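K.L.:
Have a look at this one before I ask anything.
The values are calculated or read from the model by the stated rules, or taken from the named source; none is laboratory data. Remember, predicted model here, so these are calculated numbers, not experimental data. Ideal geometry is used to build each Cβ from the backbone, glycine not excepted, and the neighbour counts take in all protein chains shown. Side chains included, ligands, DNA and RNA excluded: accessible areas come from the protein's heavy atoms. Shrake-Rupley method; radii C 1.70, N 1.55, O 1.52, S 1.80 Å.
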Amino acid sequence: MSTSSFSGSQADVIDLQQQVARLQALLEVSRQVHAAVRPEEVLQSVLRIVVRELEMAGAHVTEPSLTIGEMPPPPWEGCARFALLSKDGVQLTELVVDPGPGKTLSLYEQDFLEGLVLQAGVAVENAHYHERAVEWARVQQDLDAAREIQRSLLPQQMTEISGYSVAIRSSTCYEVGGDYVDIVSLPDGGQIMVVADVAGKGLASAIVATSFRSAFRAMALAGLPLAELAARMNQHHYGEGPEARRRYVTAIFLKLNPETHTVEVVNAGHNPGFLLSADRKVHEIEASGTPIGLVPMMEYSSETLAFPPGSRLLFYTDGLTEVFQGDDEFGPERLLATFRECKSQDCTAILKVLWQQLAEFSRGEPQQDDMTALALVRMGAEQNG
């Protein structure tokens with residue numbers, strides 16, 4: 001074998017060894033870079049590798065501004081610049097490398113840095129995804145807790161009213177919602193009930209609903225006439241400022257006197273309530289004023305209605321009527337028809353039928369609004385067929 005051939009083979013081996021060493025180095029720095037879970041940690045790792053492994057004088061990333069070693073002032077004359085790109089080719093930041101006074105990057109160093117920024121771009125983007133996932137998990141945890149708190153604010157047990165059946169049902173469109181339903185027992189044995197709907201959906205409406213609950217319970221226990229209760233609720237809500245006014249509340253109030261078997265009702269801008277007599281004639285309880293918190297100094301009127309055996313009453317939010325099958329809306333007429341056709345005197349069973357009908361109508365599509373209802377039945381009369 002000639003000397004020249006032997007020298008050529010040695011050169012090939014050395015070149016191969018250098019390539020293997022370069023690949024091993026890139027694998028190691030890739031492991032270091034991808035081990036970081038925060039974008040800033042990734043970039044700090046990149047800077048350390050550049051300065052310590054490649055023995056550069058200094059390294060800097062432009063966004064966020066981070067530096068290791070000594071760097072000349074911007075615009076970094078004599079420095080090499082490398083863009084860190086996302087998977088879609090969007091520049092995330094820029095790596096600026098200073099080889100040192102009078103030095104330039106070798107082909108090996110240039111190649112190494114190009115591989116490094118390629119890995120770093122992927123790692124930074126993945127770290128951003130991780131941060132968003134962690135933040136979303138925290139938000140989801142907070143929303144889950146808010147949902148449980150909101151559920152706990154609903155009546156946990158129905159008040160036993162001799163000769164009556166009463167039930168409530170509520171399901172939110174999102175984790176929390178702006179619908180509110182409540183029953184407050186008075187010292188004289190009367191019962192004050194409310195179904196309310198805060199404008200909008202989601203967390204902001206849920207916060208307003210909680211504030212509404214506090215005010216309602218305080219005023220209900222104060223023994224105010226129902227029309228005055230609605231007027232004071234309106235003035236209280238309006239006085240909470242512009243943001244509260246944007247989250248006005250439609251509400252329908254009821255006071256049941258189980259001694260005289262009468263109901264007093266006030267509708268504040270809410271959907272009409274349905275009162276069915278034993279022979280299933282319908283009386284709709286229409287609004288006597290604007291929603292709570294929309295107009296100052298509003299006055300409301302109440303009506304008192306007999307509630308003989310076999311009478312049934314349904315209060316609901318518009319989430320029950322605004323269920324769609326394509327472009328066809330379920331509507332109040334279908335809701336009333338379903339309520340009339342239900343023979344049961346058990347209010348829990350009545351509301352279960354309503355929810356089943358709504359699910360069948362929507363063909364299982366996700367609900368688009370919060371859905372809440374209250375049903376009240378006076379027992380003792382058979383329903384006519």
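K.L.:
What are the residues whose amide H is under 5 Å from the amide H of TYR164, where those residues sit 5 or more places off or on another chain and H is modelled from the backbone?
P.N.:
Under 5 Å from the amide H of TYR164 lie the amide H atoms of MET379, each far enough along the sequence or on another chain.
K.L.:
What ³J(HN,Hα) values, in whole Hz, does the Karplus curve 6.51 cos²θ - 1.76 cosθ + 1.60 give for segment 177-185 when θ = phi - 60°, with x put for Gly and Pro?
P.N.:
Running phi through 6.51 cos²θ - 1.76 cosθ + 1.60 with θ = phi - 60° gives x, x, 7, 9, 9, 7, 9, 10, 7 Hz.
K.L.:
For Cα pairs less than 8 Å apart in space and 6+ apart in sequence, what is the mean separation divided by the residue count of segment 227-358, i.e. the relative contact order in percent? Before the final figure, lay out the partial values.
P.N.:
On the way: 227 pairs, mean separation 31.4, N = 132.
This gives 24 percent for segment 227-358.
K.L.:
To continue, here is another question. Please list TRP76, TRP136 in order of solvent-accessible area, largest first, computed with a 1.4 Å probe with all protein chains present. Display every interim value, and only then the final one.
P.N.:
Working: TRP76 40, TRP136 145 Å².
My answer, sorted largest first, is TRP136, TRP76.
K.L.:
Taking the Cβ-Cβ separation of SER362 and GLU41 as r and a Förster radius of 35 Å, what is the calculated FRET efficiency to the nearest 0.05? Before the final figure, lay out the partial values.
P.N.:
Working: r = 47 Å, r/R0 = 1.36.
So, using R0 = 35 Å, E works out to roughly 0.15.
K.L.:
How large, in percent, is the carbon and sulfur part of the accessible surface of segment 261-362 at a probe radius of 1.4 Å?
P.N.:
Details: 2220 of 4350 Å².
Using a 1.4 Å probe with all protein chains present, segment 261-362 comes out at 51 percent carbon and sulfur.
K.L.:
Here is a further query. Under the definition of Cα pairs under 8 Å and six or more residues apart, what whole-number percent is the relative contact order of segment 275-346? Walk me through the intermediate numbers first.
P.N.:
On the way: 49 pairs, mean separation 20.7, N = 72.
Computed value for segment 275-346: 29 percent relative contact order.
K.L.:
What does the accessible area per residue of segment 230-305 come to in Å², with a 1.4 Å probe and no ligands, DNA or RNA counted? Could the numbers behind the result be given before it?
P.N.:
On the way: 3440 Å² over 76 residues.
For segment 230-305, the solvent-accessible area averages 45 Å² per residue.
K.L.:
Charges only on Cβ, +1 for Lys and Arg, -1 for Asp and Glu: so what's the dipole of segment 285-350 about the Cα centre, in debye to the nearest 20?
P.N.:
On the way: 4 positive and 11 negative charges, 75 e Å.
It comes to approximately 360 debye.
K.L.:
When all protein chains stay in place, what accessible area (Å², nearest 10, 1.4 Å probe) is found for LYS281?
P.N.:
140 Å²
K.L.:
Net charge near ALA196: determine it from the other residues with C-beta under 13 Å of the C-beta of ALA196, scoring Lys and Arg +1 and Asp and Glu -1. Working shown, then result.
P.N.:
Details: positive: ARG213, ARG217, ARG247; negative: ASP179, ASP182, ASP197, ASP318, ASP370.
Residues near ALA196 contribute -2 overall.
K.L.:
Turning to a different aspect of this structure: Roughly speaking, what is the centre-to-centre gap between segment 234-300 and segment 316-351 when only Cα atoms are used, to the nearest Å?
P.N.:
Taking the Cα centre of each part, segment 234-300 and segment 316-351 sit 20 Å apart.
K.L.:
Residue by residue through segment 56-64, what is 3J(HN,Hα) from phi via Karplus (6.51 cos²θ - 1.76 cosθ + 1.60, θ = phi - 60°)? Round to whole Hz and write x for glycine and proline.
P.N.:
Each residue's phi maps through the Karplus curve to give 7, 5, x, 8, 8, 10, 7, 8, x Hz.
K.L.:
If we count every other residue with Cβ under 9 angstrom of ALA80's Cβ, Lys/Arg +1 and Asp/Glu -1, where does the sum land?
P.N.:
Numbers: positive: ARG81; negative: ASP98, GLU109.
Result for the neighbourhood of ALA80: -1.
K.L.:
Using the Karplus curve 6.51 cos²θ - 1.76 cosθ + 1.60 with θ = phi - 60°, what ³J(HN,Hα) values do you get for each residue of segment 264-281, in whole Hz, with x for Gly and Pro?
P.N.:
Each residue of segment 264-281 in turn: 9, 10, 9, 10, 9, x, 9, 4, x, x, 10, 10, 10, 7, 4, 8, 6, 6 Hz.
K.L.:
Could I ask something else about it? What distance in nm separates the simple spin-label points at ASP328 and GLU286, each placed 7 Å from Cα in the Cβ direction?
P.N.:
Modelled inter-label distance: 2.9 nm.
K.L.:
For segment 82-135, which whole percent of the accessible surface, found with a 1.4 angstrom probe, sits on carbon and sulfur atoms?
P.N.:
Details: 1670 of 2920 Å².
Carbon and sulfur together cover 57 percent of it.
K.L.:
Just tell me which lysines come within less than 26 Å, Cα to Cα, of LYS352; anything on the same chain fewer than 8 places away is out.
P.N.:
LYS201, LYS255, LYS281, LYS343
K.L.:
What is the sum of charges, Lys and Arg at +1 and Asp and Glu at -1, for the other residues whose Cβ falls under 10 Å from the Cβ of GLY178? Write down the numbers at each step before the final one.
P.N.:
Values: positive: LYS201, ARG247; negative: ASP179, ASP197, ASP369, ASP370.
Around GLY178, the surrounding residues sum to -2.
K.L.:
Using a ≥ b ≥ c from the Cα gyration tensor of segment 171-271 (square roots of the eigenvalues), is it rounded, prolate or oblate, where a/c under 1.5 gives rounded and otherwise the larger of a/b and b/c decides, a/b for prolate? Write out the running numbers ahead of the final one.
P.N.:
Details: a/c = 2.18, a/b = 1.67, b/c = 1.31.
Prolate is the answer for segment 171-271, as a/c is 1.5 or above and a/b outweighs b/c.
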